[in-house]
Amino acid sequence: MNIQSHFADLNTPTGVMRIYIHRPVGNGTYPTILFYSEIFQQTGPIERAAKIMASHGYAVLVPEVFHELNPIGTVLGYDDAGRDKGNADKAAKDVEGYDTDNAAMIAFTKQQAWYNGNIGAMGFCIGGHLAFRAALQADIKATACFYPTDLHTQVIPNKTNQHSMDRLKDITGELLMVWGKQDPHIPAPGRAEVYQKLSAANLTFTWHEFNAQHAFMRDEGERYDAQTAMIGYQLALNLFSRKLSA
C-alpha cells in the first residue's frame, strides 16, 4: 500500500507530545499500532520501520518518547553524544509518564475516522519495553516487543515501585517477544527470568531468540541483520493480522 505521513501534537499530563502518523493513503479504516522508538526517538531507521508496518495496512503512531525532556522534533544521533543523552532521558523520565502517554494516544486514536476499533503496540530496545508497558492498557490486543530492555532490571525510574513485570495480570492481549542471543543488554539469565515470569502468569505469548546482536532490526550500522529483520517483521505482521485485522 502507498502511505501518507503527518503528525499531531497531543496534550498529556507531562506536556505536549508530538506523534508521527504513518497510514495507508485513502479514507479506509485500519488497525492502529502504537510504535515505540529506541532512546533516539524517530530516527531514519525508526521512521522506515514504521512505514513498513503502515504499508501492510496499519495506522502507525510513533510518539516522541522523551517529549518532556526535549524540544519538539528532537532526534538523537547514533553516536556517543546521542546515546548519552538518550540514556540520561531514560533515567530522568518516570515510568508512569509512559502510561499517561499511552492513554493519550489511545484516546486520540479512538477519535479518528481511520480507526477500525483495534489497537496493538510494537517497539525496539527501550521501545520494546514501552510496547510491553502499553500492553498493560486494556485496549491493547497484541504487542510485539523486540529486544525490550530493562524488563529484568530496575533502571527505568518508578515512583510507585510497580515495575512492568509486577503488573502481568493487567495484560490481556497476546505478546510476541523477540531477542538477540548476542545482546549484552539482555543476557541469557535476564531473558530466562522474563520467560519464567510470563509463563507463570499464564500469558499468551510467543518467544523467539535469534543469533543476532542488540538492534539487529535497525537498518543502519554493523549490527543490522537484514535477513533476520525480515523474519522479525513477518512475525509481527502475523501477530497483528491475527489479532487486529478482523
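Values in this text are rule-based calculations from the coordinates and carry no lab data. For clarity, every value in this text was computed on a predicted model and none was experimentally measured. Reconstructed Cβ throughout: ideal geometry from the backbone, glycine too, with neighbour counts over all protein chains shown.
Residues that are among the charged types (D, E, K, R) and assigned to a helix (DSSP H, G or I) were ranked within the stretch 55-80; the one that is farthest from residue 36 (Cα to Cα) is 80.
Can you find a residue that is among the aromatic types (Phe, Trp, Tyr), within 19 Å of residue 194 (Cβ to Cβ), crowded, with 20+ Cβ neighbours inside 10 Å and in contact (Cβ under 8 Å) with a residue 40 or more places away in the chain anywhere in the stretch 89-100? No: zero hits. Of all residues in the stretch 102-123, one or more are under 14 Å from residue 38 (Cβ atoms) and either touching a residue at least 40 places away in the same chain (Cβ under 8 Å) or in a helix (DSSP H, G or I) (or both). Remark: pairs (first residue in the stretch 223-246, over 21 Å from residue 184 (Cβ atoms); second residue of a type outside the set (Val, Ile, Thr) and surrounded by fewer than 17 Cβ atoms within 10 Å (Cβ to Cβ); Cβ separation under 7 Å; 6+ apart in sequence or on different chains) = 235/208.
Would you be able to say whether some residue in the stretch 109-123 is surrounded by 24 or more Cβ atoms within 10 Å (Cβ to Cβ), in contact with a Pro (Cβ under 9 Å, 6 or more places away or on another chain) and within 19 Å of residue 214 (Cβ to Cβ)? Scanning the stretch 109-123 turns up at least one residue that is surrounded by 24 or more Cβ atoms within 10 Å (Cβ to Cβ), in contact with a Pro (Cβ under 9 Å, 6 or more places away or on another chain) and within 19 Å of residue 214 (Cβ to Cβ). Restricting attention to the stretch 194-236, the residues that are part of a helix (DSSP H, G or I) and touching a Lys or Arg at 6+ places or on another chain (Cβ under 8 Å) total 0.
Taking residues in the stretch 177-205 that are exposed (fewer than 15 other Cβ atoms within 10 Å of the Cβ), and partners anywhere that are small (Gly, Ala, Ser), the pairs with Cβ atoms closer than 8 Å and at least 6 places apart or on different chains are 181/188; 181/212; 182/212; 204/173.
Restricting 133, 167 to residues that are buried (at least 22 other Cβ atoms within 10 Å of the Cβ) and not in a loop (DSSP other than H, G, I, E, B) narrows the list to 133. Checking 83, 18 one by one, the residue that is outside any loop (DSSP other than H, G, I, E, B), touching a helix residue (DSSP H, G or I) at 6+ places or on another chain (Cβ under 8 Å) and among the basic types (Lys, Arg) is 18 and no other.
Looking at the structure I just gave you, is residue 51 closer than 19 Å to residue 150 by Cβ, touching a residue at least 40 places away in the same chain (Cβ under 8 Å) and basic (Lys, Arg)? Spelling it out, it is not the case that residue 51 is closer than 19 Å to residue 150 by Cβ, touching a residue at least 40 places away in the same chain (Cβ under 8 Å) and basic (Lys, Arg). Pairs needed: first member in the stretch 6-26, farther than 12 Å from residue 68 by Cβ; second member anywhere, basic (Lys, Arg); C-beta distance under 8 Å; at least 6 residues apart or different chains. Correct list of pairs: 7/18; 8/18; 9/18; 10/18; 22/51. Select from the stretch 21-45 the residues that are of a type in the set (Phe, Trp, Tyr) and part of a strand (DSSP E or B) and write down the one among them that is surrounded by the fewest Cβ atoms within 10 Å (Cβ to Cβ). It comes out as 30. Scanning the stretch 178-193 for residues that are charged (D, E, K, R) and in a loop (DSSP other than H, G, I, E, B) yields 181, 183.
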